[in-house]
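Comments concern the structure below.
The values are calculated or read from the model by the stated rules, or taken from the named source; none is laboratory data. Worth saying up front: this structure is predicted, and the values here are computed from it rather than measured. Here the Cβ positions follow ideal geometry from the backbone for every residue, glycine too, while neighbour counts run over all protein chains shown.
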Amino acid sequence: MKYPKFKLAQDIEIEIDTGVKALLYRKGKEFTADENGMYGVKWFGGTMCLDAKHMIETKHEGEFIFEEVKGEEINLIIEEIGDDDDNLVMSWRIQLDVKTTKKKLKEIEKMIREYITPIIY
């Protein structure tokens, strides 16, 4: 069975002494399930094991701690063009639809400009 991944929606800190906190995990840390569907959250006192339901429901100060990492869906459609058109210069369309954050979209745009633009006429 495939279990969802979860990532932290906020930093997790633990108070180790009066007024002294230690950072356990930073926001964005991903957790994956073991073969039994349990997620191990390790800390100084041991390991806390949670199932997917508890990962979804766990809150701290009224805010959810974990959020599910949605899988990336990639649909690639390739239309073959005849061999006699290999050297024909025409207007062609390359379209890429992605589901991502605006920050990652800017990274993709930067890579396209850096690596793809130089080989286009």
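Within the stretch 1-46, count every residue that is at pLDDT 85 or above and among the basic types (Lys, Arg).
Qualifying residue count for the region: 5.
Can you tell me which residues in the stretch 25-73 are of a type in the set (Ser, Thr, Tyr) and without any contact (Cβ under 8 Å) to a residue 12 or more places away in the chain? Break it down stepwise before answering.
Our first condition is that a residue be of a type in the set (Ser, Thr, Tyr); within the stretch 25-73, this holds for 25, 32, 39, 47, 58.
Across the stretch 25-73, the qualifying residues are Thr47, Thr58.
Is there any pair linking a residue in the stretch 11-24 that is charged (D, E, K, R) to one that is loosely packed, with under 10 Cβ neighbours inside 10 Å, with Cβ under 9 Å and at least six apart or on different chains, and which?
Partner pairs satisfying both residue conditions: Asp11/Leu23; Glu13/Leu23; Lys21/Glu15.
Quick check: anything in the stretch 80-94 surrounded by 10 or more Cβ atoms within 10 Å (Cβ to Cβ) and modelled with pLDDT of 75 or more?
No, that holds for no residue.
What are the pairs with Cβ atoms under 7 angstrom where one residue, in the stretch 94-121, is among the hydroxyl-bearing types (Ser, Thr, Tyr) and the other, located anywhere, is in a loop (DSSP other than H, G, I, E, B) and exposed (fewer than 10 other Cβ atoms within 10 Å of the Cβ)? Sequence gap at least six, or different chains.
Partner pairs satisfying both residue conditions: Tyr121/Val89.
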